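Read through the structure below, which is laid out as structure tokens, and then see the notes.
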Amino acid sequence: MSSVVRPPSSGQDPFLAADFRPISSHLAITPPVSVVIPAMNEAENLPYVFKTLPDWIHEVVLVDGNSTDDTVDVARSLRPDVKVVEQRGKGKGDALITGFEACTGDIIVMVDADGSADGGEIVSYVSALVSGADFAKGSRFANGGGTDDMTFVRKLGNWALCTVVNRKFGARYTDLCYGYNAFWRHCLDKIELDCTGFEVETLMNIRVVKAGLKVQEIPSHEYLRIHGTSNLRAVRDGLRVLKVILKERSNRRDLRRRVHHSPLLHTGQGEVS
């Protein structure tokens, strides 16, 4: 994790200066940043999404979910260097896993393709990572965050599910079901992702805590989808998230049971952590 608090000065060696990416007047970084955008029939929204992306990012990975509109052509016209990969499977989890595998950057940022996320916030996520965090988690309910796209029922459900995760896993989240996150690529080695649907975001939030990774919440504002209709359904999707939480809790109890009954604890031949 390399960073400096200011961009390289004009007097530096040109070869050395080329290794740094200035991202603000006070911060420059050396790690390349990849942005993963899962998209299915989002041709109308991509111009807004791409417009907000910082020009210092290393690459944009667009994961196409078998779009029937001009999503891929629009992406390539907006950014000729975009890396387009075809999604394996059908759900958002499948899309993100496909995108993560295609990334070459040291830092990975997850951004939705519906125009609800402001790419200008990426600097805050990256700043948190180069300052020592492993996982920068966006929050609409942290001080400075907000949302234009949540009904009372969805807010209540998000709060309830977030409370369960905090109590059961020792987390301190203010927001659970939000997909605007960033992390160091090496975190993927510690959080196996085996979830196909949109509840993959909750799974990641739980497993980074279980893995002991350092998490920092980033205030984020969620805007309304610009074009098209969301596939989210509060009750149906809330139940899917709850199922993931209960499964992870069950897995944690099973692990503790195996450790407790390990023969190493009774024979003095070793130590279990």
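Structural remarks
- Test: residue in region 86-108 that is hydroxyl-bearing (S, T, Y) and free of Cβ contacts under 8 Å to residues at least 40 places away in the same chain: yes
Yes/no per residue for (1) under 16 Å from R249 (Cβ atoms); (2) assigned to a loop (DSSP other than H, G, I, E, B); (3) not hydroxyl-bearing (S, T, Y):
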{"site": "L161", "(1), (2), (3)": "yes, no, yes"}
{"site": "V164", "(1), (2), (3)": "yes, no, yes"}
{"site": "D175", "(1), (2), (3)": "no, yes, yes"}
{"site": "F183", "(1), (2), (3)": "no, no, yes"}
{"site": "C195", "(1), (2), (3)": "yes, yes, yes"}
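- In region 167-192, residue most open to solvent (accessible area, probe 1.4 Å) [restricted to those that are closer than 15 Å to I108 by Cα and aliphatic (A, V, I, L, M)]: L188
- The residues of region 199-216 that are touching a residue at least 40 places away in the same chain (Cβ under 8 Å), surrounded by fewer than 21 Cβ atoms within 10 Å (Cβ to Cβ) and over 14 Å from K168 (Cα atoms), listed by number, are L213, K214, V215, Q216.
- Checked against (1) in contact with a helix residue (DSSP H, G or I) (Cβ under 6 Å, 6 or more places away or on another chain); (2) part of a helix (DSSP H, G or I); (3) more than 21 Å from V215 (Cβ to Cβ); (4) open to solvent by less than 30 Å² (accessible area, probe 1.4 Å), G93 passes all but condition (3).
- Within region 7-55, tally of residues that are open to solvent by 40 Å² or more (accessible area, probe 1.4 Å), among the aliphatic types (A, V, I, L, M) and either outside any helix (DSSP H, G or I) or at pLDDT 80 or above (or both): 2
- Subset of region 96-111 [in a loop (DSSP other than H, G, I, E, B) and surrounded by 20 or more Cβ atoms within 10 Å (Cβ to Cβ)]: C103, V111
- Hits in region 132-160 - residues which are surrounded by 18 or more Cβ atoms within 10 Å (Cβ to Cβ) and modelled with pLDDT of 95 or more: A133, D134, F135, A136, K137, G138, S139, R140, F141, G145, T147
- Test set (1) farther than 19 Å from R185 by Cβ; (2) open to solvent by 20 Å² or more (accessible area, probe 1.4 Å) - A117 fails condition number: (2)
The values are calculated or read from the model by the stated rules, or taken from the named source; none is laboratory data. This structure is a prediction, so every number in the text was calculated from the model and none was measured. Cβ sites come from the backbone with ideal geometry, for glycine too, and all protein chains shown count toward neighbours. All accessible areas refer to the heavy atoms of the entire protein, side chains included, with ligands and DNA or RNA removed. Shrake-Rupley method; radii C 1.70, N 1.55, O 1.52, S 1.80 Å.
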